[in-house]
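The values are calculated or read from the model by the stated rules, or taken from the named source; none is laboratory data. Just so you know, these numbers come straight off a predicted model, no measurement behind them. We place every Cβ from the backbone using ideal geometry, glycine too, and count neighbours over all the protein chains shown. Side chains included, ligands, DNA and RNA excluded: accessible areas come from the protein's heavy atoms. Shrake-Rupley method; radii C 1.70, N 1.55, O 1.52, S 1.80 Å.
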Amino acid sequence: MLLKHIISDAFHIFYPHTCNGCGSDLLFKNQLLCIRCISELPHTNFAFHENNLVEKIFIGRLKLRAAHSQFYFAKNELIQHLIHQLKYNGNKEIGFYLGEIIGDTLLKSGRFSAIDYLIPLPLYADKEFKRGYNQAEIICNGMHKATQIPVFINGVIRQRATETQTRKHRAERWENVAGSFIVPKAFDLRGKHLLLVDDVITTGATLEACGHTLLHIEGTSLSIAALAHASK
Ligand SMILES: [Zn+2]
């Protein structure tokens, strides 16, 4: 037992294990956040409530079965720091962990039942290549661990809007800001309930554009989940 502690302490010195939120080393083994940071995470509980703030964003824009954001986004707060870690510091572990929290919440809510696939909102290919991964896919992987719902990779692909597209009618303005989306494996998605997943929801324009493309597939229905919701 003593030897185990000595080895554990030595390991801690050589491989410092600190909280991803505040940097404190008051962590249990394999934990990414300390108890204080975990308690400070700003949960929304949207999943449990019909007509929540995220669902309201899409009313009249996109037909959804349900929508959820796990946290309130706030500048200069813990949640921004964690999302920054995921998107710009290569910290996939924190994204996976937060994805697990989303998955647990969706299970508890009961409003996200019968989902066939988790669909990560795609990045432009060059952006994903530069980053090395799509953060939404990392979140989906964590959600999968909690829910066992399969992640459908490359089910939808994002392309930059071309010049001609940007001159199109106003009704298609979402294509301008969000690029355009194609579904190379549409056949496999027919008749499925899809949960489209993103990191932060602000205006919802990109999710709207991607969601429309998915809803064009015969028989699909759509729900949305994100890590954080940023009010304008
Ligand atoms: Zn902490």
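Listed values, structure above:
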| item | result |
| --- | --- |
| Qualifying positions in segment 103-155 - under 12 Å from the mean Cα position of the chain (by Cα) and touching a residue at least 60 places away in the same chain (Cβ under 8 Å) | LEU118, ILE119, PRO120, LEU121, PRO122, GLN135, ALA136, ILE139, MET143 |
| Residue match in segment 89-97 (condition: part of a helix (DSSP H, G or I) and aliphatic (A, V, I, L, M)) | yes |
| Residue list for segment 124-141, restricted to those being part of a helix (DSSP H, G or I) and open to solvent by 30 Å² or more (accessible area, probe 1.4 Å) | ALA125, ASP126, LYS127, GLU128, PHE129, LYS130, ARG131, GLU137, ASN141 |
| Residue count for segment 49-102, restricted to those that are among the aromatic types (Phe, Trp, Tyr) and surrounded by fewer than 15 Cβ atoms within 10 Å (Cβ to Cβ) | 1 |
| Subset of segment 116-138 (residues that are among the hydrophobic types (A, V, I, L, M, F, W, C) and either more than 16 Å from GLY155 (Cβ to Cβ) or out of contact with any strand residue (DSSP E or B) (no Cβ under 6 Å at 6 or more places or on another chain) (or both)) | LEU123, ALA125, PHE129, ILE138 |
| Selection from segment 142-185 of residues that are surrounded by fewer than 18 Cβ atoms within 10 Å (Cβ to Cβ), modelled with pLDDT under 95 and assigned to a helix (DSSP H, G or I) | GLU163, THR164, GLN165, THR166, ARG170, ALA171, GLU172, ARG173, ASN176, VAL177 |
| All positions within segment 35-47 that are open to solvent by 10 Å² or more (accessible area, probe 1.4 Å), part of a helix (DSSP H, G or I) and touching a strand residue (DSSP E or B) at 6+ places or on another chain (Cβ under 9 Å) | PHE46 |
| Search result, residues across segment 190-210 that are in a strand (DSSP E or B) and not charged (D, E, K, R) | HIS193, LEU194, LEU195, LEU196, VAL197, VAL200, ILE201 |
| Failed item in (1) out of contact with any helix residue (DSSP H, G or I) (no Cβ under 9 Å at 6 or more places or on another chain); (2) within 17 Å of LEU196 (Cα to Cα); (3) modelled with pLDDT of 95 or more, with ILE119 passing the rest | (1) |
| Failed item in (1) surrounded by fewer than 19 Cβ atoms within 10 Å (Cβ to Cβ); (2) assigned to a helix (DSSP H, G or I); (3) not polar (S, T, N, Q), with LEU106 passing the rest | (1) |
